[in-house]
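A short worksheet on the structure shown next.
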Amino acid sequence: MIPARFEYSAPETLSEALRLLGSDGEAKVLAGGQSLVPMMKFRLAQPGHLIDLARIPDLNFVAEENGAIRIGAMTTHNQVETSALIREKCPLLAKTAAHIGDVQVRNRGTIGGSVVHADPAADYPAALLAMEAKVKLVSASGERMAGLDEFLVDALTTLLEEGEILTEVHVPLERAGVLTAYRTLVQPASGFAMAGVGVRLGVENGTITFARVALTGVGSKPYRATAVEQALVGQGAGAETFAAAAAHATDGVDALSDMHASAEYRVNLAAVQVRRALEDAAGSA
Amino acid sequence: MATTTTTPELKTYIGKRVRRVEDPRLITGTATYVDDIRKPGMLHAAVLRSPYAAAKITGIAIEKALALPGVKAVYTGKDVAAVGPVPCAGSMEDLRIPDHRILARERVYYVGHPVVAVVATDRYIAADALDLIEVDYEPTEVISDPEEALKDGAVRVHPEYPDNVAFTYKQAKGDVDKAFEEADFTCEERILVPRLAPIPMETRGVVADWDEGAKELTLYSSTQIPHLLKTQLALQLDMPEHHIRVIAPEVGGGFGSKCNVWAEEALACFVAMDLKKPIKWIESRRESIQVVAHGRAHVDTIEIAAKKDGTLTGLKLHIVCDIGAHHQLLTPIIPTLAVLMLPGLYKFRSFKASLVGAFTNRAPSDLYRGAGRPEATYVLERIVDKMARILGMDPAEIRFKNFPEPAEFPFETVTGLQYDSGDYAAAFHKALDKIDYKACREEQKKARAEGRLYGIGISTYGELCAFGPSPATPAGGWECASVNVKATGKVEVLTGISPHGQGEETSFSQMVADAFGIPMSDVVVIHGDTAKVSYGIGTFGSRGIAIGGSALHLAMQDIVAKATKYAAHILDVDADTVTFKNGTFSSSAAEQTLSFADVALETHLCRKLPPGTEPGLTATRFFEPSNFAFPFGAHICTVEVDQETGETTILRFVAVDDCGKIINPLLVEGQIHGGVAQGLGPAFMEGVIYDEEGQLLNGTMMDYAIPKARHMPWIETDRTETPSTVNPLGVKGVGEAGTIGSLPAFVNAVVDALSPLGVDHVDIPMTPQSIWRVIQERSRS
Amino acid sequence: MKLKGTYAMPAPRDEVWAALLDPAVLARTLPGCKSLQETGPDEYAMQMSLVISSVKGLFEGKVRIMDQQPPESYRIEVEGRGKIGFVNGGGAFLLKDAGDVTDIDYEGEVKVGGMIASVGQRLMDMTSKMMIKRFFTALEDEITERE
Ligand SMILES: Cc1cc2nc3c(=O)[nH]c(=O)nc-3n(C[C@H](O)[C@H](O)[C@H](O)COP(=O)(O)OP(=O)(O)OC[C@H]3O[C@@H](n4cnc5c(N)ncnc54)[C@H](O)[C@@H]3O)c2cc1C
């Protein structure tokens, strides 16, 4: 459990980090280290050079701008969970952060690291997909924005190119009156979701006017369950609607299977969790 | 010299909730564990282990590793051939003990089998060097499953044996076949008891230090048995025992896994002597999960016979124990304890048990908290519950019906054990009252009417502990204690037990403080160093207080007797007139009194040496118990199962335990809490998983689940106190109780919850998925 | 771990068959394949570099193709070893004409050992699914570009 030899740099500016990253093909960015370091200890990952982003002040912030909350990549799970701004303006994200790992993991792990690592069972993506978040990617030659849905390509695979750093996550402000809930059933050893669900629900006069539902831990990447959303909108908010909609939780999804949960069990959990998350959200009014 | 002493109201400690004297150093990071030890010139070892479960080693290339700057030496199996095999204490006639070398030679037999050791100037270089070693393996066929291993024509783990039978063991009494023929009801269950990784918080670790001048070898090891280890090392290394010193520094938990003699211990010693340098080896968590002897590992078939009225008449058990590829120290003995404890708290008239140890291409199994007794209790409590259901009897009633009465003690079980003392019904009643059993059953009725799955699970358990009479233990079952009273009246206790979390520094200090009428802070308890403590057996099987404490008790009696002689002589009175109470010697024939410290000083100054008395105030005593001690208790648990997800919520958990007389309730409760957690882990999440290729699939803490605080219910503890009759303290032992009692209570509760669906058994770990599957199957059929 | 699935390849069966058994094509389409050299009839030595996120593993191994029934079916056996563990696998491929496309049915089993077996279980299913997807997509690109 001792990593292979590596060099370590802790630049204080983003441009210096980008320069270092561009100049060493063996380099990897280090954020909270909660995913990268365990893999290094098993020597599954052996980056020759770690570029630690911890000393770059510009990467750790939460701010409101143009109808969105901007969150710096190095903002820890704990900061997201406890930020008054996020709690008020993007409550689903704060609720979700509280479910990640344990206190130690939340104190070190970052939103940028989680999103880039793209673990198919990570909690954030379920919330961020439901909130239609975007990410900002910066390289030496420029910057671009990408929707999270396009950014997450596959299990552990993203749009991020070599030499690029994810600097911010942009989350649109929660719409007025929208109710939210996050629910997860976790694998007991790691605490990762076997099925996690983020839900946003708008209800007017008993009728569902708006629905966003996204799942994690079920398929090879987190996804938005559009079939569930379609089955909700226009219907009366209530147990029957929720149950009927939840049945579509895994439409078109090839569920994962591992020693902790078979595909069959995950499919079941996904539907149950979606229904319960919808009930939670509806009940939170 | 003080001539008068005032006698303030003396504080006594026994029976009080005294906080652990060990804790301040442990929680402030000032305790010294093996990895904290640094020696000048110390080198670091790392071990390369087999990725294959079965393979021939056709070549090992070490040149690249040797060429890495900082690497000092590389050892393969043939380089350490002079070291004797890893010992195994087993005595079955047909026991097969394969040659178990500290590094593999021609073959590897399990994933994690040590193959090469690298020694370097730091552990980072040592780890890098492992990557540079190339071992050519020629994989051979693997046999991973113990039942498959016993089938005709199965691949043989050890080609030198005709089959995979490591040993067999049989025991029987009474006419069990007749009992089954004449029974009104019989039933049977096949029950899996999975392999468990012990997961001590501190992994194994050693520092071996060779003094070339004195020809003295010192081994610091995270062990539960420093003295036994020393003797074994002398044999393995072919060295005079008096030139070896073993020190167990702070030990961060063992749970039995460090009650062993490990290859890496002799390996580090050999290398230290070879290179004439101190050697440190610290096990990684991954190695720990992979190779530190797993516990349990049974496939049990149990059958029970009963009369209509609930009288249990016969019991049959067949155990297939997956022992892995090699034996460790106690591997063959552990499952025999399951046979011995099989009758539990019940008066069976006949039984028959057979046990087969199966070699498999897996890591060795051996003792783990409870060692045999949790297995026995689990299968017994399951089958008794099942029988109650068949009889339409309340599971509490069938238990009451079969307990021996208090007047029947000492009670001889059908397996030939003499239970020392007990009032099983009293403890059970207390538990039932505490949880309000009737109300729980009412609640269950209500829940069922609402379609909810609510269950109540009972487990009444007995334990065999306080190991033990020497004839029943492989290396002596006695214990030794020395009490050295210093000139200043301070007391040093040297004990042969080797606590590693149990808290005997506290409980022994309480005993000494009360016996001598001194504050606890005047006592120091020294253990775990073979150069300080003459000999001892160690800490395992809840023997610390019962055996070690009894030896201490005897030594303290000697001290008081001798001090009394001194006091009488100084007071110039007849010794018969002197009493020692609350730390004060007084006599009806004298006005003057003496404190314990006064007398201690006199025994050193010797200005007035009583005739026929030697100077000094020390005593060493050995205690040999007449029998094991048998704690017991009742655990009851209520659960609710979520039908849609299979998740189980523990609503309440009540544990009433009787461990004999109690020195410190806080320590007892700590043991129960930890034990319950360790029993519940395997009940709903824990278990080592091997595939058919002998690969261990959940080899990290991200996949191997052990309970965290958030998984634990609030544990409501209570107790009864039935003194033991086999030691002068009346104590029994509590190290395993929680682990033994909790698991069956949980499983019985979940099965009870699922019983409306026709479920009468679900194997552990009862994960949400496995429960969900059962619910699915049942609702389909 | 068992793997099973069907990929609809938009090309005639003969063409798909030819591509699937062409070492040059395989060398280009097998995810992470660094080199594929013929060592005997239907036997190849392969070097593969597996890169998933920050995990990197270099494997050396053998590939054998067996039971060929052109253009319908064959079996493949793969054996690879690397520092992070070893992989053994076998599978059967069945090619079926299905109008405009050729359905490639595959069914096989993969066994892993060593480090990846004991620490990487969680990622096994998704990784193998991802590799299969990458392979077929690359193969499709290869075949459709040829036309
Ligand atoms: C015990 C444990 C339990 C956990 N449980 C959960 C859980 O329940 N739910 C959950 O969602 N997660 C869980 N995690 C994972 C945790 O959330 C990680 O923090 C997160 O996945 C990675 O964030 P990090 O900041 O630690 O990234 P790191 O580990 O430092 O990096 C991860 C990867 O992202 C890259 N990277 C990091 N930041 C950037 C950036 N700004 N730009 C470009 N590349 C970047 C790194 O190079 C690396 O490849 C758990 C982790 C542990 C150790």
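What tally of residues in the range B:679-721 results from selecting those that are surrounded by 24 or more Cβ atoms within 10 Å (Cβ to Cβ) and either touching an Asp or Glu at 6+ places or on another chain (Cβ under 6 Å) or more than 14 Å from chain C (Cβ to nearest Cβ) (or both)?
The total comes to 7.
Please work out if residue B:646 is more than 16 Å from the ligand (Cβ to nearest atom), away from chain C (no Cβ under 14 Å), under 18 Å from the mean Cα position of the chain (by Cα) and under 30 Å from residue B:774 (Cβ atoms).
It is false that residue B:646 is more than 16 Å from the ligand (Cβ to nearest atom), away from chain C (no Cβ under 14 Å), under 18 Å from the mean Cα position of the chain (by Cα) and under 30 Å from residue B:774 (Cβ atoms).
Could you grab me the full set of residues in the range B:257-289 that are within 25 Å of the chain's Cα centre (by Cα), within 14 Å of chain A (Cβ to nearest Cβ) and of a type in the set (Lys, Arg)?
Residues satisfying the conditions are B:285, B:286.
Inside the range B:414-435, can you point out the residues that are without any contact (Cβ under 8 Å) to a residue 40 or more places away in the chain and touching a helix residue (DSSP H, G or I) at 6+ places or on another chain (Cβ under 9 Å)?
B:425, B:429
So, residue B:676, is that one part of a loop (DSSP other than H, G, I, E, B) and buried (at least 24 other Cβ atoms within 10 Å of the Cβ) or not?
Considered against the rule, which asks whether it is part of a loop (DSSP other than H, G, I, E, B) and buried (at least 24 other Cβ atoms within 10 Å of the Cβ), residue B:676 comes out as no.
Quick check on my filter: what residues within the range A:163-181 are away from the ligand (no atom under 16 Å from the Cβ) and acidic (Asp, Glu)?
Result: A:174, single match.
Exactly one condition in (1) more than 10 Å from the ligand (Cβ to nearest atom); (2) within 14 Å of another protein chain (Cβ to nearest Cβ); (3) surrounded by 17 or more Cβ atoms within 10 Å (Cβ to Cβ) is false for residue A:94; which is it?
For residue A:94, the failing item is (2).
Select from the range A:114-131 the residues that are within 11 Å of another protein chain (Cβ to nearest Cβ) and within 9 Å of the ligand (Cβ to nearest atom) and list them in ascending order.
Across the range A:114-131, the qualifying residues are A:116, A:117, A:118, A:119, A:121.
Has the range B:448-458 got at least one residue that is within 20 Å of residue B:388 (Cβ to Cβ) and either of a type in the set (Asp, Glu) or surrounded by fewer than 20 Cβ atoms within 10 Å (Cβ to Cβ) (or both)?
The answer is yes, given that some residue of the range B:448-458 is within 20 Å of residue B:388 (Cβ to Cβ) and either of a type in the set (Asp, Glu) or surrounded by fewer than 20 Cβ atoms within 10 Å (Cβ to Cβ) (or both).
Do any strands (runs of 3 or more DSSP E) lying entirely in the range B:39-136 carry at least 1 residues that are of a type outside the set (Asp, Glu) and surrounded by fewer than 16 Cβ atoms within 10 Å (Cβ to Cβ), and which ones are they?
It comes to B:55-61.
Only residues that are under 26 Å from residue A:250 (Cβ atoms), part of a strand (DSSP E or B) and either out of contact with any Ser or Thr (no Cβ under 8 Å at 6 or more places or on another chain) or within 14 Å of chain B (Cβ to nearest Cβ) (or both): list them for the range A:163-193, please.
A:171, A:183, A:184, A:185, A:186, A:193 - these are the residues of the range A:163-193 that are under 26 Å from residue A:250 (Cβ atoms), part of a strand (DSSP E or B) and either out of contact with any Ser or Thr (no Cβ under 8 Å at 6 or more places or on another chain) or within 14 Å of chain B (Cβ to nearest Cβ) (or both).
Being of a type outside the set (S, T, N, Q), surrounded by 23 or more Cβ atoms within 10 Å (Cβ to Cβ), outside the structural domain of residue A:157 (by TED's automatic domain parsing) and at pLDDT 95 or above is the requirement here; does residue A:233 meet it?
Considered against the rule, which asks whether it is of a type outside the set (S, T, N, Q), surrounded by 23 or more Cβ atoms within 10 Å (Cβ to Cβ), outside the structural domain of residue A:157 (by TED's automatic domain parsing) and at pLDDT 95 or above, residue A:233 comes out as no.
What residue, of B:34, B:47, is at pLDDT 95 or above, within 13 Å of another protein chain (Cβ to nearest Cβ) and out of contact with any His (no Cβ under 8 Å at 6 or more places or on another chain)?
B:47
Could you check how many residues of the range B:300-312 are in a strand (DSSP E or B) and surrounded by fewer than 24 Cβ atoms within 10 Å (Cβ to Cβ)?
Looking only at that region, the number is 2.
Only one of (1) within 14 Å of chain C (Cβ to nearest Cβ); (2) more than 13 Å from the ligand (Cβ to nearest atom); (3) within 26 Å of the chain's Cα centre (by Cα) fails for residue A:68. Which number is that?
(1)
Would a scan of the range A:137-148 turn up a residue that is within 11 Å of the ligand (Cβ to nearest atom) and crowded, with 24+ Cβ neighbours inside 10 Å?
Checking the range A:137-148: not a single residue is within 11 Å of the ligand (Cβ to nearest atom) and crowded, with 24+ Cβ neighbours inside 10 Å.
Could you check residue A:196 against (1) assigned to a strand (DSSP E or B); (2) more than 14 Å from every other protein chain (Cβ to nearest Cβ) and say which number it fails?
All conditions pass for residue A:196, except number (2).
Mind listing whichever residues of the range C:90-140 are touching a Leu at 6+ places or on another chain (Cβ under 9 Å), acidic (Asp, Glu) and part of a helix (DSSP H, G or I)?
Result: C:125, single match.
The values are calculated or read from the model by the stated rules, or taken from the named source; none is laboratory data. Since we're looking at a predicted model, the values are computed, not measured. Cβ sites come from the backbone with ideal geometry, for glycine too, and all protein chains shown count toward neighbours.
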